[in-house]
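The values are calculated or read from the model by the stated rules, or taken from the named source; none is laboratory data. These numbers come from a predicted model, not from an experiment. Here the Cβ positions follow ideal geometry from the backbone for every residue, glycine too, while neighbour counts run over all protein chains shown.
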Amino acid sequence: MAVNDTVARLVERIEQTRAELTEQLSDPELPSDRARFAEVSRRFARLGEAFELADRHRDARGRAEEAQALLDEGGDADVRALLRDAEDELAELESAVREAMIEPDPNDDRDTIVEIRSAAGGREAALFARDLLDLYTRYAGERGLAVELLGRSEDEAGGIKEVTFAVKGDGAFAAFKHEAGVHRVQRVPATESQGRVHTSTATVAVLPEVEDVEVQIDQNELKIDVYRSSGPGGQSVNTTDSAVRITHEPTGIVVSMQDEKSQLQNRERAMRLLRARLFERAQAEQAAELSAARRSQLGTGDRAEKVRTYNYPQNRATDHRVGVTVPLHEQVLRGGLGAFTEALAAEERRQRLEEQAADLGGVA
């Protein structure tokens, strides 16, 4: 009887996970911790299919072992048929068990905060950052997601030096998480008199938004500065100290907001961004301990460092991580990022399958 050892080990892990989650759910103290209770409950529900498949695999393996034992004692054709049926079921269950145990990113269902910054290319990079904001706004609308502008800093030409916005709705983080990285544009700037193609970049960071209870922030560790808001070129926007800058002293993370006239509103938005950055930092540190696969989202912003290129003269956009190219004007600039999102999600799943197999000592 041939049983895939890797899958057998995975079934054992599934059963162990079920036992651990069941024990956690039976803890009388769990309901008092709302965030942990919700997470444990969600994970148990997500793994329901994996638990069912593990039971089926265990049952089929038991039937196969029993039939093999009977054959070793001189069983007949009927026993051979039982063994064949059990082995066929085990073979059919192999890929299903692997797939079911690939848990989705726990942040996928969260709202998200997106930051776009102009990088290499000066004024043209700022104009490109503005185009990315328009593109992402259309993409969010196409997926039924709402966009909330949190903060925006423009240059004199109407480009964007930096913009922060929240995307709200079911699966917001899953829709945007693969946008993180350096984006490169190749086109002839409006100010270019010789018709030469220039290359510029903008960086995109995508952070899952979290609640107060998920990230504990000691107010004594915050340095909060207020100052007068200013617009493009440094001119005064209002005459009150409504802008807020918050420094988290233990990590050195600095966030600032100035778009609202109310200091209270700017502080609330800055705290939302700070919580998201602290959460992302904690996750990155945890991932670094477990895997070298996680890298910085932003990189350096250099022209040679890119996740996607938007080539205007050739009317194409190419995602370099998955080698997918789609029409730029007719599709991407209208918010049609679905081809990229689907390909990147499939690649993420493929990598998780490989990691799973390596972790279990087998092959995917």
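Summary table below
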{"read-out": "Residue count for the range 30-89, restricted to those that are under 30 Å from Val210 (Cα atoms), touching a residue at least 60 places away in the same chain (Cβ under 8 Å) and in contact with a Leu (Cβ under 7 Å, 6 or more places away or on another chain)", "value": "1"}
{"read-out": "Test result for Ala282, at pLDDT below 85 and under 21 Å from Asp218 (Cα atoms)", "value": "yes"}
{"read-out": "Residues (β-branched (Val, Ile, Thr) and surrounded by 22 or more Cβ atoms within 10 Å (Cβ to Cβ)) located in the range 174-192", "value": "Val182, Val185"}
{"read-out": "Residue in the range 158-171 that is basic (Lys, Arg), in a strand (DSSP E or B), at pLDDT 90 or above and more than 15 Å from the chain's Cα centre (by Cα) present", "value": "yes"}
{"read-out": "Filter result for Val147 (at pLDDT 90 or above, surrounded by fewer than 20 Cβ atoms within 10 Å (Cβ to Cβ), of a type outside the set (Asp, Glu) and within 19 Å of the chain's Cα centre (by Cα))", "value": "yes"}
{"read-out": "Check on Ala205, out of contact with any helix residue (DSSP H, G or I) (no Cβ under 7 Å at 6 or more places or on another chain), touching a residue at least 12 places away in the same chain (Cβ under 8 Å) and under 29 Å from Glu249 (Cβ atoms)", "value": "yes"}
{"read-out": "Test: residue in the range 228-244 that is surrounded by 15 or more Cβ atoms within 10 Å (Cβ to Cβ), modelled with pLDDT under 90 and not in a loop (DSSP other than H, G, I, E, B)", "value": "yes"}
{"read-out": "Neighbours by Cβ (under 6 Å, 6+ apart or cross-chain): first from the range 210-228, assigned by TED's automatic domain parsing to the domain that holds Gly169 and of a type outside the set (Phe, Trp, Tyr); second in a helix (DSSP H, G or I) and at pLDDT below 80", "value": "Val213/Ala35; Glu214/Ala35"}
{"read-out": "Entirely in the range 1-92, the helices (runs of 4 or more DSSP H) that have 3 or more residues that are at pLDDT below 90, of a type in the set (D, E, K, R) and touching a strand residue (DSSP E or B) at 6+ places or on another chain (Cβ under 7 Å)", "value": "none"}
